[in-house]
1. Are any of the residues in region A:363-383 within 30 Å of B:Glu78 (Cα to Cα) and within 12 Å of chain B (Cβ to nearest Cβ)?
2. Quickly run through region A:406-426 and pick out the residues that are closer than 30 Å to A:Thr343 by Cβ, open to solvent by 60 Å² or more (accessible area, probe 1.4 Å) and either touching a His at 6+ places or on another chain (Cβ under 7 Å) or away from every other protein chain (no Cβ under 13 Å) (or both).
3. Looking at B:Thr198, is it of a type in the set (Ser, Thr, Tyr), under 22 Å from B:Phe84 (Cβ atoms), within 16 Å of ligand 2 (Cβ to nearest atom) and open to solvent by less than 10 Å² (accessible area, probe 1.4 Å)?
4. State all residues of region B:93-139 that are facing chain A (nearest Cβ under 10 Å), open to solvent by 40 Å² or more (accessible area, probe 1.4 Å) and farther than 23 Å from A:Gly416 by Cβ; if no residue qualifies, say none.
5. Six or more apart or on different chains, Cβ atoms under 7 Å: show the pairs whose first residue is in region A:419-434 and more than 16 Å from A:Lys201 (Cα to Cα) and whose second is part of a helix (DSSP H, G or I) and modelled with pLDDT of 90 or more.
6. Anything in region A:162-178 that is within 19 Å of the chain's Cα centre (by Cα) and either buried (at least 23 other Cβ atoms within 10 Å of the Cβ) or aliphatic (A, V, I, L, M) (or both)? List them, or say none.
7. State the number of residues belonging to region B:222-248 that are within 20 Å of the chain's Cα centre (by Cα) and either among the hydrophobic types (A, V, I, L, M, F, W, C) or closer than 30 Å to B:Thr56 by Cα (or both).
Amino acid sequence: MSVEKINKDFQDLFVQGKELLYNGVNDLMNEKREIAFNRFIEGGIPDKKNENYKNTDLSKIYERDYNVVLNYHRQDVDLNDVFTCDVPNLDTHLVLTTNGWYYARNHELSGLPDGVIVCSLQEASIKHKDLFEKHYGKYTISDNGVTDLNTAFAQDGYFIYVPENVILEKTIQIVNLMRANADLMSFQRNLIIIGKNSQAKFMVCDHALSSVNFLSNNLTEICAEENAVVDYYQLQSQTLKCSLVDSVFVNQEKNSNVLNHTVTLYGGLIRNNIFTKLSGENAENHTYGMYLTDSVQHVDNYTYIDHASAKCFSKENFKGVLDDKSTVGFTGRIEVRPDSQQTEAYQNNNNLLISDDAKVFTKPQLVIDADDVKCSHGATVGQIDEDALFYLRSRGIGAKEARMMMVFAFTNEIIGKIRIEPIRERVAQLVEKRLRGEDSHCDACKLQCNK
Amino acid sequence: MLEIKDLHAKVGDKEILKGVNLVVKPGEVHAIMGPNGAGKSTLSSVLAGREVFDVTKGEVHFQGKDLLALPAEDRAREGVFMSFQYPVEIPGVNTVNFLKTAVNEHRKYKGLEPLAAGAFLKLMREKQALVEMDAKLMNRSVNEGFSGGEKKKNEIFQMAMLEPKLSILDETDSGLDIDALRIVSQGVNTLKTPETSTIVITHYQRLLDYIVPDVVHVLYDGRIVKTAGRELVAELEEKGYDWIKKELEEH
Ligand SMILES: Nc1ncnc2c1ncn2[C@@H]1O[C@H](COP(=O)(O)OP(=O)(O)OP(=O)(O)O)[C@@H](O)[C@H]1O
Ligand SMILES: [Mg+2]
């Protein structure tokens with residue numbers, strides 16, 4: 001099937017589903033929908049001719065026939081009972097989404113500080129119209145069809161607003177659950193706004209609860225206002241039948257500090273687009289990622305850090321362990337604009353190949369138009385250090401265990417960047433289980449559909 | 001304890017060991033000396049099970065077992081320990097975890113339960129004291145950023161933790177300052193029992209003043225070309241190796 005056919009299908013879907021698509025949300029969202037759709041029709045799904053999609057052929061996943069559900073569908077079980085988070089010692093505000101929609105039976109969040117809003121995007125677009133309109137679609141860049149596709153078809157997701165001068169102690173945990181009887185494509189749109197001098201932490205988990213094919217097109221906009229501190233952790237733990245095209249757009253105002261941390265534990269095809277714009281002076285950004293791949297998995301991380309203001313700092317480190325016939329891509333674009341003096345930007349991508357058949361394509365893209373800039377980048381693709389392996393074995397540690405220790409050591413650096421201890425410990429456990437080949441992504445789910 | 005017969009080993013096409021014969025009995029301390037590049041470290045690596053070296057001929061028996069048939073980890077578990085001439089840095093592998101895993105893998109091999117956390121810590125403290133190992137180093141990755149001397153101390157500390165039957169110390173003295181040399185040597189001597197044996201590889205007499213050998217060998221060009229009592233050490237210190245090379249040429 002060709003890209004043309006895929007684009008045609010989306011066109012039909014848009015026209016036929018128009019009434020449902022436009023239902024329940026505010027006018028601005030639909031205005032943007034219309035514009036995005038028209039732009040999408042021109043460009044379509046990015047294929048390999050698109051420079052930024054060289055490593056990932058999206059047509060492969062979009063050519064499958066999926067159901068698209070343009071209104072909220074009830075689940076036949078209470079997902080609150082089905083899914084319980086098993087991060088011990090971590091008390092969170094829990095929010096569930098299902099197939100891209102804010103879950104209707106989410107429990108009321110108790111103890112949120114005054115003024116904090118956590119609700120569905122639909123609700124926010126109407127009830128908190130001013131806030132919504134001030135931020136919705138303001139931080140996206142539509143340089144490829146993926147963003148426009150989401151804006152054209154997204155109907156719901158979550159909305160989180162933390163007003164000025166609020167320190168949210170508890171982590172907000174968002175669990176994106178995919179659950180359906182037949183192959184399903186979804187579009188989820190989220191908006192997070194953290195006000196001036198405020199602090200908030202997020203843990204986003206992507207899970208699939210059914211063993212059908214899923215294709216999630218998710219997009220999250222995060223705005224960190226002046227002096228805000230935001231931790232955004234994402235744990236992608238789906239099945240081999242899942243495809244996830246996930247875009248996160250971060251906008252940082254003056255003196256803000258954002259930690260963006262993505263761990264890809266499992267999934268069939270995952271494409272992460274992480275865009276960060278440092279809009280105000282002295283903003284600090286840390287973007288970290290780790291991917292563990294095996295089988296025929298494909299994981300592609302595209303990151304874009306835009307130093308749009310002077311005196312900002314960015315540090316980026318992605319590490320991955322590749323087994324079997326898995327393939328991985330990494331593109332790290334750093335742009336330093338002409339007036340962004342006293343910029344510091346550092347980037348690293350390190351890959352550990354533990355099979356001969358795995359492949360990795362890694363590429364830095366530096367565009368530096370200012371002169372007072374400290375910038376470095378490095379990429380490595382390597383194998384396990386045989387000298388170190390022998391050292392461990394010479395102390396009586398079995399070859400397999402020694403190898404495991406080495407691989408785990410490699411991932412430690414990224415795990416260590418997690419600033420919340422219970423999450424750090426839990427992620428470390430999950431990574432270890434994952435590396436040992438024990439099924440980790442289904443532990444927390446009571447359905448146990450794989451057992 | 002250890003019996004090496006006509007051992008030949010090569011790396012790639014290069015033959016390094018060209019027929020080594022050596023017998024070490026329980027309780028004995030053997031010193032192996034010899035010029036740079038003679039094959040001393042290669043011999044210890046081959047005994048420890050390093051796969052880059054191909055054994056092309058010969059046999060090695062350790063306590064009656066065919067040592068060469070065992071993978072490196074099993075040799076360690078059987079009681080062979082090699083202190084590396086150049087200990088490897090392993091970033092990301094925590095020292096305490098590493099030791100705990102090593103100790104417990106030894107115990108598992110012997111059919112013992114893993115050591116409880118408390119017992120392990122106690123053991124670790126005791127052995128740390130023995131070689132005056134700085135406790136702060138334990139929180140770091142294995143050998144990462146350790147000074148030359150600290151790395152060597154760490155080798156002997158690991159030896160103390162694992163209580164091997166045969167210890168092969170490859171230039172443990174290099175990098176140690178005068179005090180550390182004394183402390184480490186005393187540690188080695190304290191660990192010594194009438195049942196355990198030691199092979200000490202060194203270039204210098206000062207280590208052998210502490211760890212006194214019963215037998216001294218000279219390894220030259222892949223062979224043991226001279227074997228004598230401890231008096232040989234002083235003679236080598238004084239005269240170097242030229243006279244041995246000359247002796248060899250004359251024969
Ligand atoms: N992996 C290897 N590949 C190629 N050559 C090697 C390798 N390991 C050792 N050799 C060579 O084998 C010879 C013996 O080396 P070895 O390290 O055993 O010497 P040594 O007696 O321990 O020397 P020193 O006293 O300097 O430590 C040297 O010529 C060395 O270059
Ligand atoms: Mg040597």
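The values are calculated or read from the model by the stated rules, or taken from the named source; none is laboratory data. Because the structure is predicted, anything quoted here is derived from the model rather than measured. In this analysis, Cβ positions are derived from the backbone assuming ideal geometry, glycine residues included, and neighbour counts consider all displayed protein chains. In case anyone asks, the SASA skips ligands and DNA or RNA and just uses the protein heavy atoms, side chains included. Shrake-Rupley method; radii C 1.70, N 1.55, O 1.52, S 1.80 Å.
1. No; the residues of region A:363-383 include none that is within 30 Å of B:Glu78 (Cα to Cα) and within 12 Å of chain B (Cβ to nearest Cβ).
2. A:Arg419, A:Arg424
3. Here the answer is no, as B:Thr198 does not meet what is asked.
4. Passing the criteria: B:Arg107, B:Lys108, B:Tyr109.
5. Matching pairs, first to second residue: A:Ala428/A:Ile415; A:Val431/A:Thr411; A:Val431/A:Ile415; A:Glu432/A:Phe408.
6. A:Ile172, A:Ile174, A:Val175, A:Asn176, A:Leu177, A:Met178
7. Selection size over region B:222-248: 5.
This table checks each residue for (1) within 19 Å of B:Leu47 (Cβ to Cβ); (2) buried (at least 19 other Cβ atoms within 10 Å of the Cβ); (3) acidic (Asp, Glu).
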residue: B:Asn154; (1), (2), (3): no, yes, no
residue: B:Pro164; (1), (2), (3): yes, yes, no
residue: B:Thr193; (1), (2), (3): no, no, no
residue: B:Ile211; (1), (2), (3): yes, yes, no
